[in-house]
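I have placed the structure first, in the form of structure tokens, so that the comments after it can refer back to it.
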Amino acid sequence: MLRILVTGGAGFIGAHLCRRLIADGHEVICLDNFFTGRKSNIAELLNHPRFELIRHDITQPILLEVDRIYNLACPASPVHYQYNPVKTIKTNILGTLHMLGLAKRVKARILQASTSEVYGDPLEHPQREDYWGNVNPIGLRSCYDEGKRCAETLMMDYHRQNGVDIRIVRIFNTYGPYMSENDGRVVSNFIVQALQGKDLTVYGDGSQTRSFCYVDDLIEGLCRMMNQDGFIGPVNLGNPQEYTVLELAEMILKLTSSKSKIVYKPLPANDPAKRRPDITLAKERLGWTPKVDTVEGLKKTIEYFRSVLKV
Ligand code: NAD
Ligand code: UDP
């Protein structure tokens, strides 16, 4: 049994990770400032004897005795990370610094949740880990993508300079139950719109592509990366099945049997034109590959939103 800190543990991915770590028999400290996370995401864990919840903001230092740290704290939806961009970059830089300082002091292994956004609007396709990316340093997304790039730099420098035991994971678009209905990302937006009979808002002409990974597959990848020795990453974790945003909208309309229509809205600035992970490294080093097909994952997510929205 290990004592494991999950920052951002009340968020979408964090809530799934906390459940998995408790099920694996660990002691879990979930730390969150509840900006985009909710207590209800972890409701049934609150009385568990091996689970502890701390309201804390990682832009402030904290000292805890832990063996491992999953650093997930950071809003992930463009709507939320652009709401207070200075706070987002502080979370990525000061927050990661504080978690690395903690890892160094208590000799904990630390895993950083990085992102496919470090590749920006990629000029190489699919994206491999050795691609350095095409990122606008002064754009609306840079509080997030440059913040995450700097967090990777901090991880590597603490590793090289101080011998901190690090793992870096680049997460590609992930979806599933416990996404908030007002999260603002494409899968939850389209499902909620379809279930409520509202228009599906496709940004641009919908020809941009994304590759969607079901959350259970991602959690398995995160745990495998944390638990193996000798490979610090960065490693891509994502599902290489690639769809245009328009295809996704049509798929969701069909799976929900919704009569909603598709409407077109302006494409946000610096919205990447395409994105698909090359997961060769994850296959070779972690023996990991996603198991849940997109249609199957969407059906489970639709069921979740049906129960939350009571429709
Ligand atoms: P989320 O917004 O649902 O969860 C983020 C959590 O972090 C929330 O509970 C929020 O309250 C908390 N948080 C934010 N700022 C904080 C701070 N300063 N101090 C303490 N807590 C703070 O997002 P998610 O989808 O669960 O993403 C989790 C992590 O994975 C993020 O770091 C994100 O960048 C990364 N990621 C996610 C995806 C994805 O598709 N879901 C893709 C790439 C990377
Ligand atoms: N998108 C869309 N309609 C929405 C929300 C998002 O067409 O209601 C598009 C968005 O412009 C982007 C893609 O869907 O091209 C994925 O957006 P999301 O915010 O989920 O993630 P990210 O852009 O960070 O990959």
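The values are calculated or read from the model by the stated rules, or taken from the named source; none is laboratory data. Since we're looking at a predicted model, the values are computed, not measured. When we count neighbours, we look across all protein chains shown, and the Cβ atoms used for this are built from the backbone with ideal geometry, even at glycine.
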Of the numbered conditions (1) within 16 Å of ligand 2 (Cβ to nearest atom); (2) without any contact (Cβ under 8 Å) to a residue 60 or more places away in the chain, Ala76 fails exactly one; give the number of that condition. (2)
Being surrounded by fewer than 18 Cβ atoms within 10 Å (Cβ to Cβ), touching a residue at least 60 places away in the same chain (Cβ under 8 Å) and among the hydroxyl-bearing types (Ser, Thr, Tyr) is the filter here; which residues of the stretch 282-311 pass it? Tyr304
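Give me the residue from the stretch 127-168 that is assigned to a loop (DSSP other than H, G, I, E, B) and among the basic types (Lys, Arg) and, out of that set, farthest from the chain's Cα centre (by Cα).
Quick first cut of the stretch 127-168, residues assigned to a loop (DSSP other than H, G, I, E, B) only: 128-133, 135-141, 163-165.
Next cut, among the basic types (Lys, Arg) only: 128, 141.
Details: Arg128: 18, Arg141: 15 Å.
So, considering only residues that are assigned to a loop (DSSP other than H, G, I, E, B) and among the basic types (Lys, Arg), the one farthest from the chain's Cα centre (by Cα) is Arg128.
Considering only the stretch 17-59, state which residues are part of a strand (DSSP E or B), surrounded by fewer than 20 Cβ atoms within 10 Å (Cβ to Cβ) and of a type in the set (D, E, K, R).
Here is the first cut: in the stretch 17-59, the ones part of a strand (DSSP E or B) are 27-32, 51-55.
With surrounded by fewer than 20 Cβ atoms within 10 Å (Cβ to Cβ) added as a condition, the list becomes 27, 52-55.
Those that are part of a strand (DSSP E or B), surrounded by fewer than 20 Cβ atoms within 10 Å (Cβ to Cβ) and of a type in the set (D, E, K, R): Glu27, Glu52, Arg55.
State all residues of the stretch 28-41 that are in contact with a Leu (Cβ under 7 Å, 6 or more places away or on another chain) and farther than 15 Å from Met99 by Cα; if no residue qualifies, say none. Full working, then the answer.
Filtering the stretch 28-41 for residues in contact with a Leu (Cβ under 7 Å, 6 or more places away or on another chain) gives 28-31.
Val28, the sole residue that qualifies.
Among the residues that make up the stretch 109-120, is at least one of them touching a Leu at 6+ places or on another chain (Cβ under 8 Å) and within 16 Å of ligand 2 (Cβ to nearest atom)? Don't jump to the end; show me each part of the working.
Narrowing the stretch 109-120 to residues touching a Leu at 6+ places or on another chain (Cβ under 8 Å): 110-111, 113.
Filter once more, so that each one left must be within 16 Å of ligand 2 (Cβ to nearest atom): 113.
So far as the stretch 109-120 goes, yes, one or more of its residues are touching a Leu at 6+ places or on another chain (Cβ under 8 Å) and within 16 Å of ligand 2 (Cβ to nearest atom).
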Pick out the one residue from Asn270, Asn227 that is at pLDDT below 95 and under 20 Å from the mean Cα position of the chain (by Cα). Asn270
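Regarding the stretch 172-185, can at least one residue be identified that is aromatic (Phe, Trp, Tyr), more than 13 Å from ligand 2 (Cβ to nearest atom) and touching a Leu at 6+ places or on another chain (Cβ under 9 Å)? I'd like the intermediate steps shown before the answer.
Keep residues of the stretch 172-185 that are aromatic (Phe, Trp, Tyr), which gives 172, 175, 178.
Restricting the remaining residues to those that are more than 13 Å from ligand 2 (Cβ to nearest atom) gives 178.
The next check asks that each one be touching a Leu at 6+ places or on another chain (Cβ under 9 Å); those that pass are none.
No, that holds for no residue.
Which of the strands (runs of 3 or more DSSP E) found entirely inside the stretch 183-281 contain at least 3 residues meeting this: surrounded by 19 or more Cβ atoms within 10 Å (Cβ to Cβ) and touching a Ser or Thr at 6+ places or on another chain (Cβ under 6 Å)? So that I can check it myself, show each step before the final result.
On the way: elements: 200-203, 209-211, 235-237, 242-244, 262-265.
In the stretch 183-281, no matching strands (runs of 3 or more DSSP E) lie anywhere.
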